[in-house]
1. With the structure loaded, tell me whether Phe7 is assigned to a helix (DSSP H, G or I), modelled with pLDDT of 95 or more, of a type in the set (Phe, Trp, Tyr) and surrounded by 10 or more Cβ atoms within 10 Å (Cβ to Cβ) or whether it fails that test.
2. Please tell me if Ile47 is assigned to a helix (DSSP H, G or I), β-branched (Val, Ile, Thr), within 17 Å of the chain's Cα centre (by Cα) and surrounded by 10 or more Cβ atoms within 10 Å (Cβ to Cβ).
3. Based on what the data block shows, is Glu54 surrounded by 10 or more Cβ atoms within 10 Å (Cβ to Cβ) and at pLDDT below 95?
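The values are calculated or read from the model by the stated rules, or taken from the named source; none is laboratory data. Just so it is clear, the model here is predicted, and its values are computed rather than measured. Methodologically, a virtual Cβ is constructed for each residue, glycine included, from the backbone with ideal geometry; neighbour enumeration extends over all protein chains shown.
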Amino acid sequence: MLSKSDFQQIQDIVRTEVHQETRKIIKEELAPIKKDITQIRKDIKTIVNFFDREYLELRKRVERIEEHLGLESISP
């Protein structure tokens, strides 16, 4: 018959093994998600940079038009 300490030792071993296996499985499943997140961040950065450049170019054009027409700028 198993004693209480035997059960405790078995429980500790099982807990350790399950913890190790679970961490390994989670790590494997998270790897592609991390890659996707990295790619999404790069895409967002590219999009923001594109629209920021477009905005700055349009702002310069509007300023030139305002200056040419002698209009006061609305923006501060």
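1. The answer is no for Phe7.
2. When the stated conditions are applied, Ile47 passes them.
3. Taking the combined requirement at face value, the residue does not satisfy it.
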